[in-house]
Each structure stands twice: as structure tokens, then as C-alpha cells.
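*Asks:* Could you have a look at this structure, given as C-alpha cells, before my questions?
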Amino acid sequence: MAEPLTREALDAEMVRLAQGDRDAVPVVYRALWPVVVRYCAAFVGDRTEAEDLAQVSLLKLFEQAHDYDPDKPAEAWALTIAAWECRTFRSKRTRAEKNVDKMMRSRSQESSPNLEHEVWKRQAIDAMKRLVDEMPQVDRQALVDSFVDGLSEPRHRKRKQRVLERLRRRWKEIHGDT
Amino acid sequence: MVTPEVRRLAEIERAFVRGRLELAAAGVLAAGVLMFVAWALGVEGKTFWFGVALMALSAASLYFGRAPGRAVLPAFVIGVIPFSALLIVQAMSGHGCHTGGCNTLCLPTCVASGLVAGALVATVAVRVRETTGFVVAAGTMVWLVGALGCPCIAWSSVAGMAAGIAAPSLWVLFVRRRQA
């Protein structure tokens, strides 16, 4: 493995790079990669994300290499770009987390009561169906008749009332006052 | 098998090339601006071949960098001297061409402004300890910028300007070589 570059040597290589010397690309890259990855890892706390951020930072650095100021240390310049990338990444992540959180909260607020109500309604209907099934055939017929047009004579109304009364009582026995 | 490091390095090299191409595009743009100014001030169409050559040379110098790359900015700045001098002379004295040459102050202006520009190139080269590559590239680009200001291609004027630029620049190179 190659010897790590001193700061002065790295600065000299960076000057070569800034002047368009393509041979300096791998040298500068190998010198800066571990430094930038370590810095990004300390910033975001995740090695994989740190490597991605280091790559993005170095892509920017090499694209703007001609703007390098030879009076400033190359490592500091690289870390400035990396810090900017890390901060942008962190704020994007925080914003995304907030958005997801907000979306989940609003969705649960909107949909949860409807869902509960729907479940409760379905359970109530099933329970009622079971109760109706348990009723004697005569009472079931009386209930059906009461919903048919033309059977609104007093005796029908009275029978329906009695059936519903029994049904209500039975419901209370099983489910209470709900 | 391509390792992640090789892949990353390839991407980095592409980014570097992209940066150099953007820089070269800036050179083309600067030459384009000068061509537009020359065209707006009534310079003859054939002169634009100097502009095309300037575009190509500045783009290549900026892309490949090193000494010629460093020469582009000073060359454009210094080149404005003969460029504007020719346009001013043309505006003040008028210009007329006939068989055999131009009857204006073109030639003396070209030589004089070329000498000034050449002296400035030499001064910059000495100040920033530049090499032959810098002087040659800067001198050529200064000449091309200056020639863009020629109202018509009078070869004697253009050649006079080249001689004016070359004299002090080559003198500096000669002296430095002897000192070394």
C-alpha cells in the first residue's frame, strides 16, 4: 500500500490537479477518501451513508478542482465541501422524517375513527343477524312483513312493536346498553 | 471484477473532465463575446476566422490546463489593448482599403499595440515565473484577440502585430534562458 501523503504533498498534488493534470486525480482521491469518509461518518453516524456522502463531496471537489486556491490547505477545502453535503443530507433527512411523521399522524387522525366505526358497525350487524336468526319463525316473518308496503294495519304494527321489544331486550341481555 | 474503489475513481475522473469541459466552455464564451463586440462594431466577416481560432485555442488551453491554461485569462485581458486600439483608430480616422493595402493607421497601430501587449505578456511571465509554454500560448491568444479588432484582414497589419507581440516576449525568454 502507498504511503499516505503529507499535507504539503497533498496541497502540491491539488495544485497539479487545479492546473488540469489528470495524473493527479487518483493520487488526490486516495489521499482524501479516508479523511472525508471518517469526517462524514462522524457527522451522520452511519458508514454506508458516510461513504455515499464522501463520494458526492469528492465529485463536487473534482468538478470544481480548477477553483482551488493554492494558498489554502486541500484537506480543509475537501472537509468544507463534505460538511456542506452532510448538513444538507441531515436537514433533508430531518425534513423527510418530519413529513412522514406528519403524514402518519394526519392519516391516523383521519382514517382511524372511520375504520373503528366501520368495524363496530359490521360487528353490530353480525350480532343482530345472529339474534334475528335465533328468533322464532313467526317473529322473523312479522319483522319482514313490517317492512313490506301495504301491511301497515294496526295488528301488524302491534306485532312488529312486540317483536322489536323482544329483540331489544335480548340485545341488552347479551351486549348490555351498547 | 470492478471493485467499488475503481468504480468510484472512474466517476471522480468523469467529474474532473466535466469540470474541465465547463472551464473550456467559458473560454469559448469569452471568445464569442469578443467576436460579437467586433461584429457589432462593424469588423469584416473574414476576421472571424481569428475568433474561431481563438475559441479553439482558449478551449483547448483551458481543458488541458497547465501553462497554456494559466495563460488564457491574462491573454484575454492583455489582448483587449490591441483589440480596442484598432477599433478606436478605425472609429477616429475611418478606414479604406484598395488594391495593395489599407490607407489607414492600421499598421502602425497594430505594431505599437502589439509591442505594448507583448511587453505586458513578458512582464506577467517574469512576475509569476512562467515557462515558455505560457509565453507562447499567451502571445498567440493576445495576437488572435487583437486581430479580431482588425476592420479587414490586412495581412501586413496582422503580421505587424504578431511581430510586435513576439519581440518583447521572445526577448524575455531569451534573457531567462541565458540566466538559467
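The values are calculated or read from the model by the stated rules, or taken from the named source; none is laboratory data. Quick caveat: nothing in here was measured; it's all calculated off a predicted structure. Because the Cβ atoms are built from the backbone with ideal geometry, glycine has one as well, and the counts that use them run over all protein chains shown.
*Asks:* Limited to region A:54-76, what total is found for residues that are in a helix (DSSP H, G or I) and touching a residue at least 24 places away in the same chain (Cβ under 8 Å)? Break it down into steps so the answer makes sense when it comes.
*Replies:* Within region A:54-76, the first condition is being in a helix (DSSP H, G or I), and the residues that meet it are A:54-63, A:65-67, A:74-76.
From what's left, touching a residue at least 24 places away in the same chain (Cβ under 8 Å): A:54, A:56-58, A:60-62, A:65-67, A:74-75.
The qualifying residues number 12.
*Asks:* Another one. Would you check if B:Ala117 is surrounded by fewer than 24 Cβ atoms within 10 Å (Cβ to Cβ) and either modelled with pLDDT of 85 or more or not aromatic (Phe, Trp, Tyr) (or both)? Talk me through it step by step, then tell me what you get.
*Replies:* Details: surrounded by fewer than 24 Cβ atoms within 10 Å (Cβ to Cβ): no; either modelled with pLDDT of 85 or more or not aromatic (Phe, Trp, Tyr) (or both): yes.
Taking the combined requirement at face value, the residue does not satisfy it.
*Asks:* Out of region A:10-43, which residues are surrounded by 14 or more Cβ atoms within 10 Å (Cβ to Cβ), out of contact with any helix residue (DSSP H, G or I) (no Cβ under 6 Å at 6 or more places or on another chain) and more than 29 Å from A:Thr88 (Cα to Cα)?
*Replies:* Those that are surrounded by 14 or more Cβ atoms within 10 Å (Cβ to Cβ), out of contact with any helix residue (DSSP H, G or I) (no Cβ under 6 Å at 6 or more places or on another chain) and more than 29 Å from A:Thr88 (Cα to Cα): A:Ala12, A:Asp21, A:Arg22.
*Asks:* Quick one: is A:Asp46 away from chain B (no Cβ under 11 Å) and touching a helix residue (DSSP H, G or I) at 6+ places or on another chain (Cβ under 6 Å)?
*Replies:* Working: away from chain B (no Cβ under 11 Å): yes; touching a helix residue (DSSP H, G or I) at 6+ places or on another chain (Cβ under 6 Å): no.
So A:Asp46 fails the test.
*Asks:* What are the residues in region A:1-53 that are outside any helix (DSSP H, G or I) and polar (S, T, N, Q), if any? Walk me through how you get there before you give the answer.
*Replies:* Residues of region A:1-53 outside any helix (DSSP H, G or I): A:1-6, A:19-23, A:45-46.
Those that are outside any helix (DSSP H, G or I) and polar (S, T, N, Q): A:Thr6, A:Gln19.
*Asks:* Oh, and also: Tell me, which residue of region B:30-47 that is free of Cβ contacts under 8 Å to residues at least 24 places away in the same chain and surrounded by 13 or more Cβ atoms within 10 Å (Cβ to Cβ) is farthest from the other protein chains (Cβ to nearest Cβ)? So that I can check it myself, show each step before the final result.
*Replies:* Our first condition is that a residue be free of Cβ contacts under 8 Å to residues at least 24 places away in the same chain; within region B:30-47, this holds for B:32-33, B:36-37, B:39-40, B:45.
Filter again for surrounded by 13 or more Cβ atoms within 10 Å (Cβ to Cβ), leaving B:32, B:37, B:39.
Values: B:Gly32: 20, B:Val37: 26, B:Trp39: 30 Å.
The selected residue is B:Trp39.
*Asks:* Next question. Counting only residues that are closer than 10 Å to A:Ala82 by Cα and facing chain B (nearest Cβ under 9 Å), how many does region A:24-43 have?
*Replies:* 0
*Asks:* Sticking with this one: From the list B:Leu62, B:Leu21, B:Leu54, exactly one residue is more than 14 Å from chain A (Cβ to nearest Cβ) and modelled with pLDDT of 85 or more. Which is it?
*Replies:* Every option except B:Leu54 fails the conditions.
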